[in-house]
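First up is the structure itself, then whatever we jot down about it.
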Amino acid sequence: MKVLIIEDEMAAARRLHKLVMELLPAADVVGQADSIEDSLLLLSQYDDKLDLIFMDIHLADGSSFEIFKHIEIKTPIIFTTAYDQYAVQAFKVNAVDYLLKPIKKEELDKAIRKYQQLHKRDAIDYGAIIKALQPEDQVKRFLIRFGQQIRLVSMDEVAYFYTQDKITLLVNKEGKRYPIDYSLEKLEEQIDSRRFFRINRQFIVCINSIEEMYMYSKSRVRITLSPSSDIETIVSTERSPHFKKWLVGE
């Protein structure tokens, strides 16, 4: 039985590892991760080989909910948390189980027994659970892949998004461009509308990336972005009135 532990507190991870080995002597803990980034790397390597995952809700670099936005997990999961009472009932019904910290051996034993009873059933749709728990959640970071390398880019690093040849590109404040698996329509739904605005069919810009603005015609505005763009950025006629209100925070 192959087990993965995702936990950012070293003492909690060691205790959980010890308890798992006491209750499941034949278990093989294939790895431990303390962050979203490390979890994604281990899951991409082991997910189809795993039997059970123990996952803390709060990790070193954010909520473990973020993991489900970037990778499909079919392995049964027992969630662990120190609080987050809003999620407890949903996990209790839909996930294998949840454990409140500090984890007690008898509760862990019950959770493992529950897993053993349920693990032959159909795979749980954890993505649907996360979506239900966080319907208003905004994108906080993006997973960028370079061959075998993975990097997380936070929204605070983004200058603007644009599409070219049917690919959506993220441009950070240093001018680096990264392809992302989002359409501009999807981004509009999940980004902070106070900071980002879709100026036309091709661009969504951050207010802090606007360097200069010029009247392009009676109803349109041309903007200069920083970092600069090779494509001319003009606010469309239908969006210009909303753009002007957005600039002043209306």
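The values are calculated or read from the model by the stated rules, or taken from the named source; none is laboratory data. Treat the numbers as computed from the prediction; the structure is a model and nothing was measured. Cβ placement follows ideal geometry from the backbone for every residue including glycine, while neighbour counts extend to all protein chains displayed.
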Restricting to region 186-224, name every residue that is among the basic types (K, R), within 30 Å of K69 (Cβ to Cβ) and part of a strand (DSSP E or B). R198
Do we find a residue being part of a helix (DSSP H, G or I), assigned by TED's automatic domain parsing to the domain that holds F196 and within 31 Å of the chain's Cα centre (by Cα) anywhere in region 229-242? yes
Working carefully through the options I36, I57, I53, I77, find the one that is β-branched (V, I, T), crowded, with 17+ Cβ neighbours inside 10 Å and touching a Gly at 6+ places or on another chain (Cβ under 7 Å). I36
Residue check: is A13 within 17 Å of K105 (Cα to Cα), in contact with a strand residue (DSSP E or B) (Cβ under 9 Å, 6 or more places away or on another chain) and crowded, with 18+ Cβ neighbours inside 10 Å? yes
Tell me, which strands (runs of 3 or more DSSP E) wholly within region 96-163 include 2 or more residues that are modelled with pLDDT of 85 or more and not acidic (D, E)? 149-154
Within region 207-228, restricting to residues that are more than 19 Å from D156 (Cα to Cα) and hydroxyl-bearing (S, T, Y), the one that is modelled with the highest pLDDT is T224
Report those strands (runs of 3 or more DSSP E) wholly inside region 1-68 carrying at least 2 residues which are without any contact (Cβ under 8 Å) to a residue 40 or more places away in the chain and not hydroxyl-bearing (S, T, Y). 28-33
Got at least one residue in region 33-53 being modelled with pLDDT under 90 and over 20 Å from the mean Cα position of the chain (by Cα)? yes
Meets criteria (over 30 Å from I36 (Cβ atoms) and either at pLDDT 90 or above or in the same structural domain as S64 (by TED's automatic domain parsing) (or both)) for N200: yes
